[in-house]
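The values are calculated or read from the model by the stated rules, or taken from the named source; none is laboratory data. Nothing here was measured: the structure is a model prediction, and the numbers come from that model. Counting neighbours? That spans all protein chains shown, and the Cβs are built from the backbone with ideal geometry, glycine included.
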Amino acid sequence: MKFAILSRNPKLYSTRRLVEAGQVRGHEVKVVDPLRCYMNITAHHPSIHYRGERLEGFDAVIPRIGASITFYGTAVVRQFEMMGVFSANESVAIARARDKLRSLQLLSRAGIGLPVTGFAHSPDDIEDLMAMVGGAPVVIKLLEGTQGIGVVLAESKQAGESVIQAFMGLKANILVQEYIKEAGGADIRCFVIGEKVVATMMRQGKEGDFRSNLHRGGKAQLIRITPEERSTAVRAAKTMGLNVCGVDLLRSNHGPVVMEVNSSPGLEGIEAATGKDIAGLIIEFLEKNARPNRTRTRGQG
(Lines give C-alpha, C1' and ligand atoms only; values in the text may rest on other atoms or scores of the structure.)
Protein backbone atom coordinates (compact mmCIF):
# COMPACT_ATOMS: atom_id res chain seq x y z
CA MET A 1 0.00 0.00 0.00
CA LYS A 2 1.01 3.63 -0.41
CA PHE A 3 0.62 6.04 2.50
CA ALA A 4 1.12 9.80 2.88
CA ILE A 5 1.95 11.23 6.29
CA LEU A 6 0.92 14.88 6.49
CA SER A 7 3.62 16.35 8.73
CA ARG A 8 5.65 19.55 8.66
CA ASN A 9 8.73 17.88 10.13
CA PRO A 10 9.93 14.43 8.99
CA LYS A 11 12.40 14.35 11.90
CA LEU A 12 9.72 14.36 14.61
CA TYR A 13 9.58 11.13 16.63
CA SER A 14 5.95 10.37 15.76
CA THR A 15 6.52 10.96 12.03
CA ARG A 16 9.70 8.85 11.96
CA ARG A 17 8.01 5.98 13.80
CA LEU A 18 5.07 5.94 11.40
CA VAL A 19 7.44 5.88 8.43
CA GLU A 20 9.43 3.03 9.99
CA ALA A 21 6.30 1.05 10.90
CA GLY A 22 4.93 1.37 7.37
CA GLN A 23 8.19 0.43 5.66
CA VAL A 24 8.76 -2.58 7.94
CA ARG A 25 5.41 -3.91 6.71
CA GLY A 26 6.41 -3.41 3.08
CA HIS A 27 4.43 -0.24 2.36
CA GLU A 28 5.55 2.86 0.47
CA VAL A 29 5.45 5.86 2.82
CA LYS A 30 5.90 9.51 1.84
CA VAL A 31 6.09 12.44 4.27
CA VAL A 32 4.25 15.46 2.87
CA ASP A 33 4.36 18.98 4.31
CA PRO A 34 0.68 20.08 4.19
CA LEU A 35 1.64 23.74 3.83
CA ARG A 36 3.53 22.94 0.61
CA CYS A 37 0.46 21.29 -0.90
CA TYR A 38 -1.67 23.26 -3.31
CA MET A 39 -4.99 22.14 -4.66
CA ASN A 40 -6.95 22.08 -7.88
CA ILE A 41 -10.57 22.31 -6.74
CA THR A 42 -12.67 21.17 -9.65
CA ALA A 43 -15.87 19.17 -10.04
CA HIS A 44 -14.61 16.08 -11.85
CA HIS A 45 -10.90 15.66 -11.15
CA PRO A 46 -9.86 17.30 -7.86
CA SER A 47 -6.13 17.02 -7.32
CA ILE A 48 -3.30 17.93 -4.97
CA HIS A 49 0.11 19.11 -6.14
CA TYR A 50 3.29 19.10 -4.09
CA ARG A 51 6.64 20.65 -5.00
CA GLY A 52 5.67 20.74 -8.68
CA GLU A 53 4.28 17.20 -8.87
CA ARG A 54 0.78 15.78 -8.65
CA LEU A 55 0.14 13.58 -5.59
CA GLU A 56 -1.70 10.45 -6.67
CA GLY A 57 -1.94 6.72 -6.10
CA PHE A 58 -2.22 6.91 -2.30
CA ASP A 59 -4.31 4.37 -0.41
CA ALA A 60 -4.45 6.40 2.80
CA VAL A 61 -3.22 9.54 4.53
CA ILE A 62 -2.19 9.93 8.16
CA PRO A 63 -2.79 13.54 9.22
CA ARG A 64 -0.31 14.91 11.78
CA ILE A 65 -1.77 18.41 11.65
CA GLY A 66 -0.42 20.88 14.22
CA ALA A 67 -2.85 23.24 15.94
CA SER A 68 -1.32 26.30 14.28
CA ILE A 69 -2.17 25.03 10.78
CA THR A 70 -5.56 23.45 11.46
CA PHE A 71 -7.43 25.49 8.82
CA TYR A 72 -5.09 24.78 5.89
CA GLY A 73 -4.19 21.28 7.10
CA THR A 74 -7.80 20.13 7.27
CA ALA A 75 -8.41 21.64 3.81
CA VAL A 76 -5.64 19.38 2.46
CA VAL A 77 -7.12 16.32 4.23
CA ARG A 78 -10.55 17.24 2.81
CA GLN A 79 -9.08 17.40 -0.68
CA PHE A 80 -7.63 13.90 -0.28
CA GLU A 81 -11.07 12.73 0.84
CA MET A 82 -12.63 14.29 -2.26
CA MET A 83 -10.13 12.26 -4.30
CA GLY A 84 -11.40 9.09 -2.61
CA VAL A 85 -8.34 8.58 -0.39
CA PHE A 86 -8.97 7.10 3.07
CA SER A 87 -7.81 9.26 6.01
CA ALA A 88 -6.83 7.86 9.41
CA ASN A 89 -8.79 10.80 10.83
CA GLU A 90 -11.32 12.65 8.72
CA SER A 91 -11.06 16.40 8.21
CA VAL A 92 -14.40 17.09 9.90
CA ALA A 93 -13.38 15.10 12.99
CA ILE A 94 -10.01 16.90 13.25
CA ALA A 95 -11.69 20.32 13.06
CA ARG A 96 -14.29 19.23 15.59
CA ALA A 97 -11.65 18.06 18.09
CA ARG A 98 -9.54 21.21 17.64
CA ASP A 99 -12.46 23.43 18.70
CA LYS A 100 -12.39 22.91 22.48
CA LEU A 101 -15.75 24.53 23.07
CA ARG A 102 -17.46 22.52 20.33
CA SER A 103 -15.80 19.34 21.62
CA LEU A 104 -17.08 19.86 25.15
CA GLN A 105 -20.58 20.63 23.89
CA LEU A 106 -20.63 17.44 21.81
CA LEU A 107 -19.29 15.33 24.69
CA SER A 108 -21.85 16.91 27.02
CA ARG A 109 -24.66 16.07 24.60
CA ALA A 110 -23.45 12.46 24.52
CA GLY A 111 -23.65 12.27 28.33
CA ILE A 112 -19.88 11.84 28.80
CA GLY A 113 -18.40 12.98 32.12
CA LEU A 114 -16.75 16.43 32.01
CA PRO A 115 -15.41 18.99 34.48
CA VAL A 116 -18.02 21.69 35.11
CA THR A 117 -17.18 24.27 32.43
CA GLY A 118 -18.21 27.86 31.88
CA PHE A 119 -17.95 30.08 28.81
CA ALA A 120 -18.84 33.77 28.62
CA HIS A 121 -18.21 36.84 26.49
CA SER A 122 -18.89 39.79 28.77
CA PRO A 123 -16.56 40.83 31.64
CA ASP A 124 -19.71 41.77 33.58
CA ASP A 125 -20.50 38.07 34.04
CA ILE A 126 -17.16 36.94 35.52
CA GLU A 127 -18.30 36.68 39.15
CA ASP A 128 -21.33 34.55 38.33
CA LEU A 129 -19.29 32.51 35.82
CA MET A 130 -16.80 31.51 38.52
CA ALA A 131 -19.59 30.69 40.95
CA MET A 132 -21.24 28.54 38.28
CA VAL A 133 -18.22 26.21 38.08
CA GLY A 134 -17.93 25.90 41.86
CA GLY A 135 -15.80 28.92 42.73
CA ALA A 136 -12.06 29.19 43.30
CA PRO A 137 -9.78 27.49 42.63
CA VAL A 138 -10.63 27.39 38.92
CA VAL A 139 -8.74 26.45 35.77
CA ILE A 140 -8.75 29.06 33.00
CA LYS A 141 -7.91 27.88 29.47
CA LEU A 142 -7.35 29.60 26.18
CA LEU A 143 -9.51 27.94 23.54
CA GLU A 144 -6.56 27.92 21.13
CA GLY A 145 -3.94 26.69 23.63
CA THR A 146 -2.03 23.39 23.23
CA GLN A 147 0.44 21.32 25.28
CA GLY A 148 -0.50 23.12 28.48
CA ILE A 149 0.22 26.61 27.08
CA GLY A 150 -2.47 29.14 27.97
CA VAL A 151 -3.72 27.16 30.98
CA VAL A 152 -3.80 28.94 34.35
CA LEU A 153 -4.82 27.75 37.82
CA ALA A 154 -6.38 30.62 39.74
CA GLU A 155 -6.36 29.68 43.42
CA SER A 156 -8.49 32.59 44.68
CA LYS A 157 -11.60 34.45 43.52
CA GLN A 158 -9.59 37.64 43.07
CA ALA A 159 -6.87 35.92 41.05
CA GLY A 160 -9.47 34.23 38.86
CA GLU A 161 -11.27 37.47 38.12
CA SER A 162 -7.99 39.23 37.31
CA VAL A 163 -6.82 36.52 34.90
CA ILE A 164 -10.22 36.32 33.15
CA GLN A 165 -10.34 40.11 32.80
CA ALA A 166 -6.81 40.11 31.35
CA PHE A 167 -7.65 37.44 28.77
CA MET A 168 -10.91 39.14 27.85
CA GLY A 169 -9.06 42.43 27.50
CA LEU A 170 -6.88 40.73 24.86
CA LYS A 171 -10.05 39.55 23.05
CA ALA A 172 -9.05 35.95 23.78
CA ASN A 173 -11.71 33.23 24.01
CA ILE A 174 -11.42 31.27 27.25
CA LEU A 175 -13.02 28.43 29.16
CA VAL A 176 -13.36 28.41 32.95
CA GLN A 177 -13.42 24.93 34.52
CA GLU A 178 -13.71 23.45 37.97
CA TYR A 179 -10.39 22.34 39.43
CA ILE A 180 -10.33 18.57 40.06
CA LYS A 181 -8.16 18.69 43.17
CA GLU A 182 -8.42 14.96 43.87
CA ALA A 183 -6.61 14.20 40.58
CA GLY A 184 -3.43 15.54 42.22
CA GLY A 185 -1.97 17.05 39.05
CA ALA A 186 -2.17 13.71 37.19
CA ASP A 187 -4.19 12.68 34.18
CA ILE A 188 -4.60 9.51 32.15
CA ARG A 189 -3.87 9.41 28.43
CA CYS A 190 -5.86 6.69 26.67
CA PHE A 191 -4.65 5.99 23.14
CA VAL A 192 -7.62 4.91 21.02
CA ILE A 193 -7.36 3.23 17.61
CA GLY A 194 -10.48 2.05 15.81
CA GLU A 195 -12.81 2.32 18.82
CA LYS A 196 -10.42 0.34 21.05
CA VAL A 197 -8.10 1.58 23.82
CA VAL A 198 -4.73 0.10 22.81
CA ALA A 199 -2.50 1.76 25.44
CA THR A 200 -2.77 3.88 28.58
CA MET A 201 -0.39 5.92 30.71
CA MET A 202 -0.64 8.20 33.70
CA ARG A 203 1.03 11.60 33.32
CA GLN A 204 2.09 13.37 36.50
CA GLY A 205 2.93 17.06 36.48
CA LYS A 206 6.27 18.16 37.86
CA GLU A 207 6.30 19.33 41.45
CA GLY A 208 4.38 22.57 41.90
CA ASP A 209 2.70 22.37 38.46
CA PHE A 210 -0.90 21.17 38.10
CA ARG A 211 -0.41 20.59 34.34
CA SER A 212 0.62 17.04 33.47
CA ASN A 213 1.77 17.63 29.87
CA LEU A 214 5.04 15.85 29.07
CA HIS A 215 6.12 18.96 27.13
CA ARG A 216 5.89 20.88 30.42
CA GLY A 217 8.18 18.48 32.28
CA GLY A 218 5.60 15.92 33.38
CA LYS A 219 6.44 12.22 33.76
CA ALA A 220 4.60 9.20 32.41
CA GLN A 221 4.10 5.69 33.73
CA LEU A 222 2.13 2.60 32.77
CA ILE A 223 -1.30 2.34 34.40
CA ARG A 224 -4.23 -0.03 34.38
CA ILE A 225 -7.57 1.70 33.84
CA THR A 226 -11.03 0.73 35.00
CA PRO A 227 -13.78 -0.56 32.67
CA GLU A 228 -15.63 2.76 33.19
CA GLU A 229 -12.54 4.75 32.14
CA ARG A 230 -12.06 2.52 29.10
CA SER A 231 -15.70 2.95 28.07
CA THR A 232 -15.50 6.73 28.57
CA ALA A 233 -12.40 7.00 26.34
CA VAL A 234 -13.97 4.92 23.56
CA ARG A 235 -17.25 6.89 23.70
CA ALA A 236 -15.36 10.20 23.60
CA ALA A 237 -13.38 9.13 20.53
CA LYS A 238 -16.56 7.92 18.82
CA THR A 239 -18.39 11.16 19.64
CA MET A 240 -15.58 13.15 18.00
CA GLY A 241 -15.58 10.78 15.02
CA LEU A 242 -11.85 10.07 15.42
CA ASN A 243 -10.31 6.72 14.48
CA VAL A 244 -6.94 7.53 16.05
CA CYS A 245 -6.73 9.84 19.06
CA GLY A 246 -5.57 10.44 22.59
CA VAL A 247 -8.30 10.89 25.20
CA ASP A 248 -7.17 12.65 28.38
CA LEU A 249 -9.09 11.72 31.53
CA LEU A 250 -9.02 12.87 35.14
CA ARG A 251 -10.06 10.68 38.06
CA SER A 252 -12.62 12.74 39.96
CA ASN A 253 -14.79 11.90 42.97
CA HIS A 254 -17.73 11.50 40.59
CA GLY A 255 -15.98 9.20 38.10
CA PRO A 256 -13.76 9.77 35.06
CA VAL A 257 -14.04 13.15 33.35
CA VAL A 258 -12.71 13.98 29.88
CA MET A 259 -10.32 16.93 29.67
CA GLU A 260 -9.53 16.78 25.98
CA VAL A 261 -9.59 14.59 22.87
CA ASN A 262 -6.41 15.01 20.83
CA SER A 263 -6.57 14.24 17.09
CA SER A 264 -2.76 14.14 16.66
CA PRO A 265 -1.46 12.49 19.84
CA GLY A 266 2.30 12.11 20.19
CA LEU A 267 3.74 8.60 20.10
CA GLU A 268 6.98 9.06 22.02
CA GLY A 269 5.59 9.25 25.56
CA ILE A 270 3.04 6.46 25.18
CA GLU A 271 5.46 4.09 23.44
CA ALA A 272 8.14 4.71 26.07
CA ALA A 273 5.72 4.23 28.98
CA THR A 274 3.99 1.12 27.63
CA GLY A 275 6.61 -0.50 25.41
CA LYS A 276 3.96 -0.97 22.75
CA ASP A 277 4.40 -0.45 19.01
CA ILE A 278 1.65 2.16 18.67
CA ALA A 279 2.88 3.26 15.22
CA GLY A 280 2.57 -0.32 14.04
CA LEU A 281 -0.99 -0.55 15.37
CA ILE A 282 -1.92 2.59 13.40
CA ILE A 283 -0.51 1.05 10.21
CA GLU A 284 -2.42 -2.19 10.94
CA PHE A 285 -5.62 -0.16 11.27
CA LEU A 286 -5.00 1.36 7.84
CA GLU A 287 -4.26 -2.06 6.32
CA LYS A 288 -7.66 -3.29 7.49
CA ASN A 289 -9.71 -0.19 6.74
CA ALA A 290 -8.14 1.85 3.93
CA ARG A 291 -10.35 1.40 0.89
CA PRO A 292 -11.15 3.90 -1.90
CA ASN A 293 -14.10 6.20 -1.19
CA ARG A 294 -14.57 4.75 2.28
CA THR A 295 -14.52 8.14 4.01
CA ARG A 296 -17.84 8.61 5.81
CA THR A 297 -18.17 12.30 5.04
CA ARG A 298 -16.55 12.14 1.57
CA GLY A 299 -14.99 15.57 2.13
CA GLN A 300 -18.30 17.19 3.09
CA GLY A 301 -18.72 19.64 5.98
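Points worth noting:
- Where helices (runs of 4 or more DSSP H) sit wholly within the stretch 89-190, those with at least 1 residues that are under 21 Å from the mean Cα position of the chain (by Cα) occupy 91-98, 100-109.
- Residue in the stretch 91-101 that is β-branched (Val, Ile, Thr) and without any contact (Cβ under 8 Å) to a residue 40 or more places away in the chain present: no
- Hits in the stretch 13-56 (condition: part of a loop (DSSP other than H, G, I, E, B), of a type outside the set (D, E, K, R) and under 21 Å from Glu284 (Cβ atoms)): Gly26, His27
- With respect to being among the hydroxyl-bearing types (Ser, Thr, Tyr), over 19 Å from Arg294 (Cβ atoms) and without any contact (Cβ under 8 Å) to a residue 60 or more places away in the chain, Ser14 falls outside the description.
- Count of the stretch 241-268 residues, restricted to those that are within 19 Å of Leu286 (Cα to Cα) and either in contact with a Lys or Arg (Cβ under 8 Å, 6 or more places away or on another chain) or part of a helix (DSSP H, G or I) (or both), is 6.
- Gln158 vs. criteria touching a Ser or Thr at 6+ places or on another chain (Cβ under 8 Å) and either surrounded by fewer than 20 Cβ atoms within 10 Å (Cβ to Cβ) or modelled with pLDDT of 85 or more (or both): no
- Sole residue being closer than 15 Å to Val116 by Cβ, of a type in the set (A, V, I, L, M, F, W, C) and not assigned by TED's automatic domain parsing to the domain that holds Glu260, chosen from Val138, Val152, Val163: Val138
- Scanning the stretch 2-52 for residues that are loosely packed, with under 14 Cβ neighbours inside 10 Å and of a type in the set (Phe, Trp, Tyr) yields a single hit, Tyr38.
- Of all residues making up the stretch 110-129, the number that are surrounded by 15 or more Cβ atoms within 10 Å (Cβ to Cβ), closer than 16 Å to Glu229 by Cβ and among the small types (Gly, Ala, Ser): 1
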